[in-house]
Amino acid sequence: AMRINIPTIVVTGGPMLPAEYKGKKYATYQLKEMAGQLLQGKISEEEYKYMESILSPGPGSCAMMGTANSSAIAAEAMGLTLPGCACAHAVEGIKNQIAKCSGMRIVELVEQNICPKDIVTQKMLETATKVAMSIGGSTNLALHLPAIAREAELKMTLDDINSIAAETPYIAKIKPSGEHTLKDLEFAGGI
């Protein structure tokens with residue numbers, strides 16, 4: 001979007017719903033942990049196979065703060081999506097509504113010739129970095145945000161990200177760093 005700089009609206013696929021088992025929520029990465037528990041004799045082969053069958057309950061990106069969801073949240077914080085897009089789950093009706101509204105909004109952006117470089121300013125890039133840091137966004141954003149900045153003819157270095165991270169409070173422990181999933185972040189009001 002930044003490279004070609006034509007009117008753009010991003011509609012992300014959205015996270016998948018978390019799996020639920022014995023009152024706890026799980027994300028797909030936890031199957032690796034379950035494999036370790038199986039090898040240590042902490043869970044049975046039957047329990048492992050059951051977890052394997054439920055840990056990807058449907059379409060969408062993982063129900064955790066991985067690269068896809070972190071990038072979606074950064075895109076929303078930069079103003080490249082409609083509000084609520086990043087946390088709207090893949091299988092929920094709100095995602096369809098966001099897609100439809102995005103289609104209507106892109107027509108307006110084309111008519112007004114509003115392009116990504118008009119939206120993504122240095123301040124918006126820094127805001128996206130703060131938002132990502134506050135929710136424990138993927139470390140892969142340390143690669144993606146400077147690349148976006150370069151295409152936007154802005155400045156964002158690893159030192160800039162470190163400085164922003166140092167002054168940004170960590171307010172949401174989303175899996176894998178905590179027990180919450182993207183569904184919990186959505187219920188908390190989203191981004």
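Restricting attention to the stretch 50-108, which residues are among the charged types (D, E, K, R) and closer than 25 Å to Asp118 by Cα? Result: Glu76, Lys100, Arg105, Glu108.
Every residue, every condition in (1) in contact with a strand residue (DSSP E or B) (Cβ under 6 Å, 6 or more places away or on another chain); (2) at pLDDT below 95; (3) within 30 Å of Met104 (Cβ to Cβ); (4) open to solvent by less than 30 Å² (accessible area, probe 1.4 Å), yes or no:
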| site | (1), (2), (3), (4) |
| --- | --- |
| Ser44 | no, yes, no, no |
| Lys49 | no, yes, no, no |
| Ser53 | no, yes, no, no |
| Ser56 | no, yes, no, no |
| Gly60 | yes, yes, yes, no |
| Ser71 | no, no, yes, no |
| Ala75 | no, no, yes, yes |
| Gly84 | no, yes, yes, no |
| Ala88 | no, yes, yes, yes |
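Of the listed requirements (1) without any contact (Cβ under 8 Å) to a residue 12 or more places away in the chain; (2) in contact with a Leu (Cβ under 9 Å, 6 or more places away or on another chain), Leu38 misses just one: (2).
The conditions are (1) under 30 Å from Leu80 (Cα atoms); (2) open to solvent by 80 Å² or more (accessible area, probe 1.4 Å), and Gly14 fails exactly one of them. Which is it? Tallying (1) under 30 Å from Leu80 (Cα atoms); (2) open to solvent by 80 Å² or more (accessible area, probe 1.4 Å), Gly14 fails exactly one: (2).
Residues in the stretch 92-147 that are without any contact (Cβ under 8 Å) to a residue 60 or more places away in the chain and outside any helix (DSSP H, G or I) were compared, and the one that is least open to solvent (accessible area, probe 1.4 Å) is Thr121.
The values are calculated or read from the model by the stated rules, or taken from the named source; none is laboratory data. Because the structure is predicted, anything quoted here is derived from the model rather than measured. Reconstructed Cβ throughout: ideal geometry from the backbone, glycine too, with neighbour counts over all protein chains shown. Just so you know, the surface numbers come from the protein's heavy atoms only, side chains and all, with ligands and any DNA or RNA stripped out. Shrake-Rupley method; radii C 1.70, N 1.55, O 1.52, S 1.80 Å.
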